[in-house]
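The values are calculated or read from the model by the stated rules, or taken from the named source; none is laboratory data. Here the structure is a predicted model, which means the values were calculated and not measured. All Cβ positions, even for glycine, are placed from backbone atoms using ideal geometry, and neighbour counts span all protein chains on display.
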Amino acid sequence: MLTPYEVAVKSVIPALRRMVAEKLIKNHSFTQQRAASVLGVSQSAISRYDTKNRGVAIDLESHKDVVRLVDDLAERIASGELTPVNVAKRIDDICDYVLKHGYMCDFHARIDPVISRQRCGVCLDDESAAA
């Protein structure tokens, strides 16, 4: 069985980075190199995000709350408010949010036959589980 964080490292975090990089480049005139620097990845990773060769395993853009969190992060990066360490921490926080709200569950169940979407709930916080 893959742990939720093993799945998140390979799917959720790249998806979040791709979304942030896209916002920085399209809305804030960042170069790929500048976006890479602030996100702690290589310029080639940003290029792969741009061509959708990376960061597309899971669709987080269908969750408007996640999009709002990413938009806020991109705005704060563009304003110079956050250091790269703060950016990494914020990406981790958004990743935890995705897990706790069950947005990764169907994807996790598809790639790991041991997981049962109906019986797992390991990532869900008390509020999401009650919903």
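Here are some notes:
- Selection of first residues in the range 65-86 that are under 12 Å from Leu16 (Cβ atoms) and of second residues that are assigned to a helix (DSSP H, G or I), restricted to Cβ pairs under 6 Å at least 6 apart or on distinct chains, gives the following pairs, ordered by first then second residue: Leu69/Ile94; Val70/Met19; Val70/Val20; Leu73/Val20; Leu73/Arg90; Ala74/Val20; Ala74/Lys23; Ala74/Leu24.
- Picking from residues in the range 101-115 that are assigned to a helix (DSSP H, G or I) and hydrophobic (A, V, I, L, M, F, W, C), the one that is surrounded by the most Cβ atoms within 10 Å (Cβ to Cβ) is Cys105.
- Going through (1) modelled with pLDDT of 95 or more; (2) surrounded by fewer than 17 Cβ atoms within 10 Å (Cβ to Cβ); (3) out of contact with any helix residue (DSSP H, G or I) (no Cβ under 6 Å at 6 or more places or on another chain); (4) not basic (Lys, Arg) one by one, Ala45 falls short only on (2).
- The number of residues in the range 79-93 that are part of a helix (DSSP H, G or I) and either among the hydroxyl-bearing types (Ser, Thr, Tyr) or buried (at least 17 other Cβ atoms within 10 Å of the Cβ) (or both) comes to 3.
- Whenever a residue of the range 25-43 is farther than 16 Å from Asn53 by Cβ, its partners that are surrounded by 13 or more Cβ atoms within 10 Å (Cβ to Cβ) and of a type outside the set (A, V, I, L, M, F, W, C), lying with C-beta atoms within less than 8 angstrom and at least six residues away or across chains, give the pairs Gln33/Gln43; Leu39/Arg17.
- Considering the range 92-105, and only residues there that are among the charged types (D, E, K, R) and farther than 15 Å from Lys10 by Cα, the residue that is modelled with the highest pLDDT turns out to be Asp93.
- One residue from Val122, Val98 being in a helix (DSSP H, G or I) and either surrounded by 19 or more Cβ atoms within 10 Å (Cβ to Cβ) or among the β-branched types (Val, Ile, Thr) (or both): Val98
- When the residues of the range 1-42 are filtered to those that are assigned to a helix (DSSP H, G or I) and of a type in the set (S, T, N, Q), the one that is surrounded by the most Cβ atoms within 10 Å (Cβ to Cβ) is Gln32.
- Tally, over the range 12-54, of residues that are over 22 Å from Gly80 (Cα atoms) and of a type in the set (D, E, K, R): 4
- Hits in the range 43-58 - residues which are among the aliphatic types (A, V, I, L, M) and part of a loop (DSSP other than H, G, I, E, B): Val56, Ala57, Ile58
- Residue within the range 59-68 that is outside any helix (DSSP H, G or I), among the hydrophobic types (A, V, I, L, M, F, W, C) and out of contact with any strand residue (DSSP E or B) (no Cβ under 9 Å at 6 or more places or on another chain) present: yes
- Verdict on Val87 being among the hydrophobic types (A, V, I, L, M, F, W, C) and touching a Cys at 6+ places or on another chain (Cβ under 9 Å): no
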